[in-house]
Amino acid sequence: MNVEDVLNALGFGRLQYLLFFGCATQQMYVSNEQFGLGLVSVAARCDFEIDEHRMSWLMTAVFLAQVGSSHYMGYKSDDIGRRKLILITSMLTMVGSLLSALMPDYWSFLVMRFIMSIFLTGPGPTVLTYMSEFTQIKLRPMVINLVSYALGISMMYVPLMAMWLMPLNVRLMISGDYGLTSWRVLMIVHLLPGVVSWIMIFFMPESPKYYMSINEIEKALEVLEKCCRYNKGKDVTLKSLGIETLTQPRTRDDSFIQHRFLLFRMWFETKPLLQGIYLRHMLLTIAILFFEFATGFGLTVWLPRILKMEDDVHEPLILCDLVEASEAFNKTIVVSECDVTTEFLLFQIFNGACCLVMFMLISLLLICLNRKIIVLAFAIVSTFAGFLLNFIKINYLLVACFVFLTVPPLCSLRLILSVLLDVIPTRLRTKAIALGMMFGRIGVLAAGLFVGYTLKWNCFVTFNAFVVIMLISFILIIFLPSEKAGSVSK
């Protein structure tokens, strides 16, 4: 029997719920590390003498580490298995993060964050593949979107923990000027979801589809037998359901040869993604992810800034005039660069709440609409909202338009990645997801550089460029496969 038919027969039961919680908390931990660094680096400014120059070095090092290691982690996931890679890289990430929290100076902190970021790209894309391979095709977009709730929760968890810890002014001196401060404790608190997730995934089985992809049919049957007993009861077996054999198309054939050099092995196993029927899907998805990562993550950091600008400048202005007026206002006041204000943290919480609400909206829409229509609708809403920023002056409408420019593409990312989960076979799946996320991160880096270099030159060009790329993204999404046409992988 085909492995997809077996998953349909077993349903989405107790094992999947446990696995879902483990993957969701892992996704939350990964997001904690990504979103928490910006906040922690502000709190650590005085301890590490972090100016704008040093901040740019830190962020660049983190992004380069993630871009450089992303594809290798995807390759290793398809090579050694999803569960094994998550356990190894998640543990190394947590150890690296803990050590970075204890570093005594800026440069050792930067080096440890660089090393930690190399491993952070392991669990990120792999949890999506791992969860999807225990889920029936018809439920896959819904489940992947539910896992993504962790992103919005993380965006609120990080500032909430900061609101609790920063006012305590923890400073336990250990040696000389070195001590355990509030921001170091905050970094340790960020680890908690990762610890919970690691323990849960440790007791979970490997993906049966991974075992099938390497022709380990007996191990795949053992996993599905365990899933059967969890979901159907101890007295129910695969044999009692009429399942005695497993089949899966497009597994790794017996002629597969491991090249002795790593880079050649990676190229040899990635090359099928850039050939034949997969090439079109990969190029389309990579381009869309580049644009949507750039708009979603690249501009999301601006939402708290816009809320602060409106609080500073009490005038009805369009966005670019507001930016100009706010810069003039901030030149006249002095704010401690080492303090993380409550106002800033509340803005961050609002940002996370917007994302969480949007993910909930996607869950409701998936009940009656297919994935492609939702992503298309979100792209056109984002484009239209960005265009309105040229005219809207009413404060709350301006904020609403900016939310609808940035949050829909941010929340569409997992649905777009689920296209690759459907159309790419198991033996190539995590490599495809990792490649897509690698180019997405490059998009974020490009967006940051673009905003930095063009904002003071011409604000209208800066923000309208994102309107144009979202319109291009909308056009590209039209050519993505529909769910019925795309659900071909096993």
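The values are calculated or read from the model by the stated rules, or taken from the named source; none is laboratory data. Nothing here was measured: the structure is a model prediction, and the numbers come from that model. No Cβ is skipped: glycine too gets one built from the backbone with ideal geometry, and neighbour counts run over all protein chains shown. We work out accessible area using only protein heavy atoms, side chains counted, and drop any ligands, DNA or RNA first. Shrake-Rupley method; radii C 1.70, N 1.55, O 1.52, S 1.80 Å.
Remarks
- Overall form of the range 1-78 per C-alpha gyration tensor (a/c, 1.5; a/b vs b/c): oblate
- Highest average first, the peptides 72-84, 261-273, 23-35, 54-66 ordered by how many other beta carbon atoms sit within 10 Å of their residues are 23-35, 72-84, 54-66, 261-273.
- With the charge dipole of the chain set up from +1 on Lys and Arg Cβ and -1 on Asp and Glu Cβ about the Cα centre, the Cα lying farthest toward the positive end among the listed residues SER197, GLY74, ALA400 is that of GLY74.
- Placing +1 on the Cβ of every Lys and Arg and -1 on the Cβ of every Asp and Glu, with no other charges, gives the chain a dipole of roughly 1500 debye about its Cα centre.
- Per residue, the accessible area of the range 348-490 comes to 38 Å² when a 1.4 Å probe rolls over the protein heavy atoms.
- Our helix-only sum for the chain, with -39,500 (n - 2.57) per DSSP H run of n ≥ 4 divided by its residues, gives a mean residue ellipticity at 222 nm of -24500 deg cm²/dmol.
- Three-way shape call for the range 362-490 based on the alpha-carbon gyration tensor, with the a/c threshold at 1.5: oblate
- Rolling a 1.4 angstrom probe over the protein heavy atoms with all chains in place gives the range 154-245 an accessible area of 51 Å² per residue.
- Computed in the context of the full set of protein chains, the accessible area of the range 338-409 at 1.4 Å probe radius has 80% of its extent on carbon or sulfur.
- Carbon plus sulfur fraction of accessible area for the range 266-327, probe 1.4 Å, in percent: 65
- Contact order relative to length of the range 381-490, as percent, for alpha carbon pairs under 8 angstrom and 6 or more apart: 39
- Peptide ranges 237-245, 161-169 listed from the most packed, as the mean C-beta count within 10 angstrom indicates: 161-169, 237-245
- Per-residue SASA remark: LYS219, around 90 Å² accessible (1.4 Å probe; ligands, DNA and RNA not included).
- When each of the peptides 363-373, 468-478 is scored by the mean number of other C-beta atoms lying within 10 Å of its residues, the order from highest to lowest reads 468-478, 363-373.
- Share of carbon and sulfur in the accessible heavy-atom surface of the range 125-242 [1.4 Å probe, %]: 64
- A straight chain from THR60 to LEU18 at 0.36 nm per residue would run longer than the Cα-Cα distance by 11.5 nm.
- Label-point separation in nm, GLU49 to LYS234, each point 7 Å along Cα→Cβ: 6.6
- The range 31-71-the range 346-378 distance, computed between alpha-carbon centres (Å): 28
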